[in-house]
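Chemist: Just passing along the structure, written as structure tokens.
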Amino acid sequence: MIRDQVQLQALLERTRQWVRERAIPAEDLVAESDEVPCDLVQEMRANGFFGWSIPQEYGGAGLTTEELVLGAFEISQCSVAFRARVGTNTGIGSEGIVVDGTEEQKARYLPRLASGEWTGCLAVTEPEAGSEATNVQTTARREGDHYVLDGTKCFITNAPIADVFTVTARTEPGTAGAKGVSAFIVERGMPGLSTGAPYRKMGQAGSPVGEVVLKNCVVPAANLIGGDEGRGFKTVMKTLNKQRIHLAALSTGPAMRMLELAIAHTTKRVQFGQPVANFQLVQAMIADCQTEIYAARSMILETARKRDRGEDVVLEASMCKYFATEMCNRVADRCVQMFGGSGYVADYSCIERWYRDVRLFRLYEGTSQIHQLNIAKQTLAQG
Ligand SMILES: Cc1cc2nc3c(=O)[nH]c(=O)nc-3n(C[C@H](O)[C@H](O)[C@H](O)COP(=O)(O)OP(=O)(O)OC[C@H]3O[C@@H](n4cnc5c(N)ncnc54)[C@H](O)[C@@H]3O)c2cc1C
């Protein structure tokens, strides 16, 4: 937690400046080379970006949820690849250890994740466990002072480059659903863990995503998160409840950037003797984007503050994720429209890349349909 507003503003300003001066000029290079250059990763480490959500006692900034989303609005205004590079450490790749790790686990992993020396990831999804994430087929059997894990995880962000994997596995044979599932910390180099080559994706070039294969993978019993079996899904849900607010903010920054690009274009592009931004039908698209961005920001900040007060935000977090990710895609579509033909052609603008990059937001960490179901379920339960 940053108690001092001056300090918080300095962090946000430093982030804004890095995004404008370092990240945005490198966006084309990242897209072409399909990786974030090492020097920029090093700069992100030096700026402390990897440690935003990790408690200060473990070397992070210990940001509150509100502070984290304010940072997320800024860092997500450059290509998604940049924030995806740090985003597993500030989100799903560390949060399980933060919320439920033992003291020894926190002491070993959090300082390295906070500094960015190690990259973390969360491996929940499996070929048969997508939206039905509790349908875990990966198994973990205890043998003396270690567990042996077997199974395959797919679609795992940063898996190809990760050093630390939070992995769900079924420790109680014969159980179904969330019951009998535990979460483990697996390090690269532990026998039996391997990762696949990065997938070829629709967008988000520079953000590697791949499989994690566990074949007779030997993991010390001390790496069972929290030390108790059967709590793995609770850990994942705690992680995701915070992450959904975070991801909503990370979907709002791109919308802000796309609108900025569209405004720059429409105020310069002349047709019928005047900038196309003068036409009211174009202005309607600008107004709809700006209004929806404001709505997302407002609900995200309100939910973040509510979470920081210790209130239950299961419903609100789902609404934020659902609204902000759908909003971002609507903004992307309108912005391509405002660019006209040059919005479709990569040689003329980067808006087509944004359009492809943000499509994923509606799919991961719960598809929009899963969030609709969750929102309705919570609402109906309130009576
Ligand atoms: C690039 C990328 C990165 C990812 N990163 C990670 C990661 O780091 N860690 C991780 O664990 N996972 C990750 N994922 C996995 C992601 O969370 C899943 O892809 C997502 O949850 C959807 O699961 P699925 O792909 O199996 O789709 P499915 O579950 O097969 O869904 C297919 C369609 O059916 C709909 N559907 C499914 N069930 C229902 C229902 N009950 N009611 C209504 N509609 C339904 C879905 O909404 C969707 O439209 C990533 C995925 C991608 C593509």
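Chemist: Filter the stretch 121-169 for residues that are surrounded by fewer than 21 Cβ atoms within 10 Å (Cβ to Cβ), more than 13 Å from the ligand (Cβ to nearest atom), outside any loop (DSSP other than H, G, I, E, B) and touching a residue at least 24 places away in the same chain (Cβ under 8 Å) and give the result.
Modeler: Across the stretch 121-169, the qualifying residues are T139, R141, R142, H146, V148, D150.
Chemist: For the condition within 16 Å of the ligand (Cβ to nearest atom) and either touching a Leu at 6+ places or on another chain (Cβ under 7 Å) or assigned by TED's automatic domain parsing to the domain that holds N374 (or both), what is the one hit in L281, L261, L250? Steps first, please.
Modeler: Values: L281 fails: within 16 Å of the ligand (Cβ to nearest atom); L261 fails: within 16 Å of the ligand (Cβ to nearest atom).
Unique residue meeting the criteria: L250.
Chemist: Condition (residue is buried (at least 23 other Cβ atoms within 10 Å of the Cβ) and not in a helix (DSSP H, G or I)) applied to the stretch 43-52: is it met by at least one residue?
Modeler: yes
Chemist: Determine whether the stretch 187-204 contains at least one residue that is small (G, A, S) and buried (at least 18 other Cβ atoms within 10 Å of the Cβ). Step through it out loud before you land on a result.
Modeler: Of the residues in the stretch 187-204, the ones small (G, A, S) are 189, 192, 194, 196-197, 203.
Imposing the further condition that a residue be buried (at least 18 other Cβ atoms within 10 Å of the Cβ) reduces the set to 203.
Yes: the stretch 187-204 contains one or more residues that are small (G, A, S) and buried (at least 18 other Cβ atoms within 10 Å of the Cβ).
Chemist: Report every pair of residues separated by at least 6 positions or lying on different chains whose Cβ atoms are under 7 Å apart, first residue within the stretch 63-89 and in the same structural domain as R244 (by TED's automatic domain parsing), second assigned to a helix (DSSP H, G or I) and within 14 Å of the ligand (Cβ to nearest atom).
Modeler: none
Chemist: Consider T291 carefully, then state whether it is free of Cβ contacts under 8 Å to residues at least 12 places away in the same chain and at negative phi. Outline the logic, then answer.
Modeler: Working: free of Cβ contacts under 8 Å to residues at least 12 places away in the same chain: yes; at negative phi: yes.
It is true that T291 is free of Cβ contacts under 8 Å to residues at least 12 places away in the same chain and at negative phi.
This table checks each residue for (1) touching a Lys or Arg at 6+ places or on another chain (Cβ under 7 Å); (2) within 16 Å of the ligand (Cβ to nearest atom); (3) assigned by TED's automatic domain parsing to the domain that holds A31.
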| residue | (1), (2), (3) |
| --- | --- |
| P275 | yes, no, no |
| T291 | no, no, no |
| G310 | no, no, no |
| A317 | yes, yes, no |
| N329 | yes, yes, no |
| M338 | no, no, no |
| I351 | no, no, no |
| G366 | yes, yes, no |
| I370 | no, yes, no |
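Chemist: Please work out which one of (1) assigned to a loop (DSSP other than H, G, I, E, B); (2) under 23 Å from F165 (Cβ atoms) is the condition L63 fails and give its number.
Modeler: (2)
Chemist: Right, another one. For residues that are closer than 14 Å to I156 by Cα and part of a helix (DSSP H, G or I), scanning just the stretch 85-120, find the one that is nearest to the ligand (Cβ to nearest atom).
Modeler: G87
The values are calculated or read from the model by the stated rules, or taken from the named source; none is laboratory data. All values reported here derive from a predicted model rather than from experimental measurement. Ideal geometry is used to build each Cβ from the backbone, glycine not excepted, and the neighbour counts take in all protein chains shown.
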